[in-house]
Structures are given as C-alpha cells and as structure tokens.
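Working notes, structure below.
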Amino acid sequence: MKRVADIAEQRNELYIPEVKSSGDLLKYKDQFFNVLNQSYKEIFGMVPLDEEQKEELYEGYFKFLDPRYVCLVLDKNEKLAAFGISVPSVSKALQKSGGNLYPLGIYHLWRAMKKNDTIDLLLIGVRPDLQNKGVNSILFRELIPRYIENGIKYVETTQNQDNNERVQAQWKYFDGRQHKRSRCYVKK
C-alpha cells in the first residue's frame, strides 16, 4: 500500500499539508464539502449538502476533530484532492454511561476521546478526477502509523455499500470481519 501511495502521490502531484489544530481545517472547509458532495454523488441515497447543512456540520463537528486522525491531500494548486476523517470510538463510553451524559457520562466520553483502542472511520472522500488512481492509499499510508502510535488496535468503518466495488476492494488488504449489516428495502 505504501508503494502504491508513493506512486499515486508522485504521479498526480499531490502532497499532505500539516494539520496541527482544528483551526487549520478552517481554510479547507468549503473545499471539503465540495469534495464530499462530488465524491459521494453516485452513491444511492446521497443528497448533496446545502449551505445551511454545511455550516451546521462545521460548527457541530469540525471544531472537535482531533488533527491526529484527520488527513488531507492537496494537489499542486493547493486544492483539496482527498480527505480522511476518523475519530476515537465512543461506543463503549456510551454503553458505560447508559446513554446518559450526567453525572458520569461526560467523563466516559472525554476519556474515550483521549484514550481508546478503537477508531471510527467517518468519511473518506476522493475527488472524482482522482478516483481509481490510488489516492485513498495515501490516506491509509498517513493515518495507519498515527493510529499505531496512539495505541489504536481496531478500526470500525461506517456503512459501506456492499455493491460499491471500489470501497470493498480497499479492505481486502486488511484482516477484517463483517459484524454489522444494514439493509434498505422498498415496498411497492
């Protein structure tokens, strides 16, 4: 994967900017949502985000992202080419707190954000003109060592359509186990 990432980075003239704080993400906010809308537009059920939704997502989530678990890929023109956003899993913390934030739920959540062995991959997006060119391997090349360095042993992916062959193909290099399945049905 590292070799593919190195080739993709060089061939497409891409680089990884340094992101030290959530404030560094601010200058890429608009580009992020444009890449998100572009890269997910072919996926069944995806509806492009409007300006109000973009602002709400930024205010509600972006400010709380840990830069260690965010990777951005830029092209030679400083335009966002791809992104990978992950966060420490709060599932066990919510189970411990019984779903209640008070009195101890906040403590469990805070602790899960600081010390955790599981991470949730929230979003990975690649601009359509760079899809199928190995760009997602750049994201993994950057994020996996960060996970290991911070004691992450397990990665949970969010919903992946099982007929999305490009997404399914990237997981064949990992020791994975499917333990959840979501289905949508249409009744006529």
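The values are calculated or read from the model by the stated rules, or taken from the named source; none is laboratory data. Just so you know, these numbers come straight off a predicted model, no measurement behind them. Neighbour counts are summed over all protein chains in view; Cβ atoms, including those assigned to glycine, are modelled from backbone coordinates with ideal geometry. Surface areas here come from the heavy atoms of the whole protein model, side chains and all, with no ligands, DNA or RNA. Shrake-Rupley method; radii C 1.70, N 1.55, O 1.52, S 1.80 Å.
Of the peptides 138-148, 105-115, the order by per-residue mean of other Cβ atoms within 10 Å, starting with the highest, comes out as 138-148, 105-115.
Counting only DSSP beta bridges with both residues in segment 20-175, the antiparallel share comes to about 75 percent. So which lysines pass the test for Lys180, namely a Cα distance under 18 Å, with those fewer than 8 places away in the same chain ruled out? The qualifying lysines are Lys92, Lys172.
Kirkwood Rh, Cα Rg: Rg to Rh for the chain? Rounded to two decimals, Rg over Rh is 0.96. Rounded to the nearest 20 Debye, what is the dipole magnitude of the chain about its Cα centre when Lys and Arg each give +1 and Asp and Glu each give -1 at the C-beta? Approximately 820 debye in magnitude.
Across the accessible surface of the chain, with the other protein chains kept in place and a 1.4 Å probe, carbon and sulfur atoms take up 52 percent. Rounded if a/c is under 1.5, else prolate if a/b is larger than b/c, else oblate: which is segment 34-99, with a ≥ b ≥ c the root eigenvalues of its Cα gyration tensor? Because a/c hits 1.5 or more and a/b exceeds b/c, segment 34-99 counts as prolate.
In this structure the chain gives 69 Å² per residue of accessible area when probed at 1.4 Å with all protein chains present.
Please give the charge dipole size of segment 16-71, origin at the Cα centre, charges +1 on K and R Cβ atoms and -1 on D and E Cβ atoms. Round to the nearest 20 debye.
The calculated dipole for segment 16-71 is roughly 280 debye.
Rounded, prolate or oblate: pick one for segment 5-64, where a ≥ b ≥ c are the square roots of the eigenvalues of its C-alpha gyration tensor, a/c under 1.5 means rounded, and failing that, prolate if a/b is larger than b/c, else oblate.
Oblate, because a/c is 1.5 or more while a/b does not exceed b/c.
Partners of Lys153 within straight-line reach, counting aspartates and glutamates whose Cα lies under 14 Å from its Cα and excluding those fewer than 8 residues away in the same chain: Asp117, Asp120, Asp175.
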